[in-house]
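All remarks here apply to the structure that follows.
FYI, it's all coordinate maths here, none of it is from the lab. As the structure is a computational prediction, the values presented were derived from the model and not from experiment. Here the Cβ is made from the backbone with ideal geometry for all residues, glycine too, and neighbour counts use every protein chain on show.
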Amino acid sequence: MGGEADRARRRRQRAWALYDWASSSFMIPSFLAFPLLFHQVLMPPGAAPIVVGGWSLPRAAIWPYTVALAAFTSTAAVVPLALWGDRGAQRRRLFVALWLIGCVATGALALLPPGALGWGILVFVLAESAYIGSFTFYDAFLMMVAPLGERDRVSAWGVAAGYSAGVALLAIAGGLMRAIPGERGLRLAILFAAAWWLVFAIPLALDLPPEPPPRRDRSVAAAWRELTGTIRGLWRMPSARAYLLAILAGSQGMLTVFTQLAPYAQAATGATADQVAMVILLSQVAGGIGPFVTTALAARIGAIPTLMATYALWGGIALWGSQVRRVEELYGLALLAGIGLGGNLAIARSYYTRFFHREQATLWFTLSIFATRFGALLGPAVYGAIVQFTGSLRLGVLSVAGFFAIAVAALRHVSGAPPVPPAVPDDLDSG
């Protein structure tokens, strides 16, 4: 009996990790193919200016504003979905619905006719919101597919699968766009990404973990009380508060590095577009190795010292990056950055589950989404301000090291003892 249960648990863990492999395909429309289709087809050169509320928006600003709108909408939408999923024991249904909506919306991006700018913005926001929502529930499932002693390993397999998929996807989608240049190649790459997400997520959709019991009171008022109570309770949990601060600061630094990589690499070293692509590819390969490095390290020295080591590594990357002169140095930085990012994500996710009970898992992962999303906005803004006022890209990169120093300092305030989660919600439906 025990052997059968162990096999079922391992099968479900493999299906869980495979969703990281599946959903990684969204990087193709969000970072590569759709931005090009957006500028070349939906908003072609010579199109009439975009006027919003009497303001004429320059063409170059439309896509960044679209990305910002998608980030805001997806972050705001995940809060009521998380409360609904946790309180009503609807995580599985919501996950499947968001996964399917995301796949359909992603595929629809490839079918938009020329000039359909408004529809392009709406469909991209829908696809991004479904992707973020499904991934929040996916993170919450970690507590249901793996006991505490196995979470580092299972989380590592998920992150490694995601990075490995990134390498394969970049190769396949890039090959498609080279073999079929122009608009048709971009559309095929987006359709391929939607199909990849749909097919490889099926094992998890068919073998989702059992739900914790629902709450007796599932009203909007009760959900609001839980949300505000959780936020207030966070201030009575100094370790959890410090941990979220570390996630916020660290995400600011890491996301700033990756979003500013291409222009900085070209300005600092004269790297060509192909060389920048190689830097990104190397970081993806190393990202698949990083989770296994940090999992082994955490088993020896503990999760918090391991996370501190990853942020210290990133601080060193920022210091080295601010002085880089040759393209070959970028390749070395890419390998270190991939190991640091992949390794950090694996341990950070699994350790975070120690702060709460599985009945509130989706809500707590929503709080971490807020931290990382806020970091995605604040980090580049600080970098941009320093570059604007100093005129130096190198000082901008150097300033990023400060974010990692804050992350290390915050983790020093996380107790070495296992965190004590808040009380189990007292309105669980025993029936």
Point to revise | Highest-first arrangement of 147-154, 88-95, 224-231, where packing means the average Cβ count within 10 Å | key: 88-95, 147-154, 224-231
Study note, to complete from the structure: Farthest towards the positive end of the dipole of region 226-416, among L335, F403, P380 and with Cβ unit charges of +1 on Lys and Arg and -1 on Asp and Glu, lies the Cα of F403
Practice item. Tabulate in residue order the Karplus-calculated ³J(HN,Hα) for region 355-372, using 6.51 cos²θ - 1.76 cosθ + 1.60 with θ = phi - 60°, rounded to whole Hz; enter x for Gly and Pro. Key: 8, 8, 8, 5, 5, 10, 4, 5, 4, 5, 5, 5, 4, 5, 4, 4, 5, 6
Revision key, fill the gap. Of R358, R59, R14, the most mobile residue in a GNM of the chain (C-alpha springs, cutoff 10 Å) is R59
Practice item. Let me have the relative contact order for the chain, percent, based on Cα pairs under 8 Å that are six or more residues apart. Key: 24 percent
Review point. Which order do peptides 120-130, 381-391, 337-347, 170-180 fall in by mean Cβ count within 10 Å, highest first?
Key: 337-347, 120-130, 170-180, 381-391
Review point. Of the residues D86, D217, D274, which exhibits the maximal mean-square fluctuation in a Gaussian network model of the chain defined by a 10 Å Cα contact cut-off?
Key: D274
Practice item. Note down the magnitude of the dipole of region 226-416 about its Cα centre, charges +1 on Lys and Arg C-beta and -1 on Asp and Glu C-beta and zero elsewhere, to the nearest 20 debye. Key: 500 debye
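Express in nm, to one decimal, how much length is gained between A76 and E328 on full extension, taking 0.36 nm for each residue of separation and deducting their alpha carbon distance.
Going from the current span to full extension adds 86.6 nm.
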Check your understanding: How many angstrom lie between the C-alpha centres of region 311-366 and region 219-252?
Key -> 21 Å
Check your understanding: Rounded to the nearest 500, what is the chain's calculated 222 nm mean residue ellipticity when only DSSP H runs of at least 4 contribute -39500 (n - 2.57) each, over all residues?
Key -> -26000 deg cm²/dmol
**Study point:** Order by protection proxy (mean Cβ within 10 Å, highest first), peptides 318-328, 197-207
**Key:** 197-207, 318-328
Study note, to complete from the structure: Under the 7 Å Cα-to-Cβ spin-label approximation, R232 and A267 lie apart by a distance in nanometres of 4.7 nm
Exercise for review: First measure r as the distance between the Cβ atoms of Q275 and R216, then evaluate 1/(1 + (r/R0)^6) with R0 = 41 Å and state the FRET efficiency to the nearest 0.05.
Suggested key: 0.10
Exercise for review: Pick out, from L83, Y131, I50, the residue whose Cα sits farthest towards the positive end of the charge dipole of the chain, with +1 on the Cβ of Lys and Arg and -1 on the Cβ of Asp and Glu.
Suggested key: L83
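Explain nothing, just the number: dipole magnitude of the chain about its Cα centre with +1 on each Lys and Arg Cβ and -1 on each Asp and Glu Cβ, in debye rounded to the nearest 20.
300 debye
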Review point. Projected onto the charge dipole of the chain (+1 at Lys/Arg Cβ, -1 at Asp/Glu Cβ, origin at the Cα centre), which of L367, S392, P64 gives the Cα projection farthest towards the positive end?
Key: L367
Check your understanding: If one computes P(r) from the Cα atoms of region 226-416, what percent of pairs lie at distances over 27 Å?
Key -> 30 percent
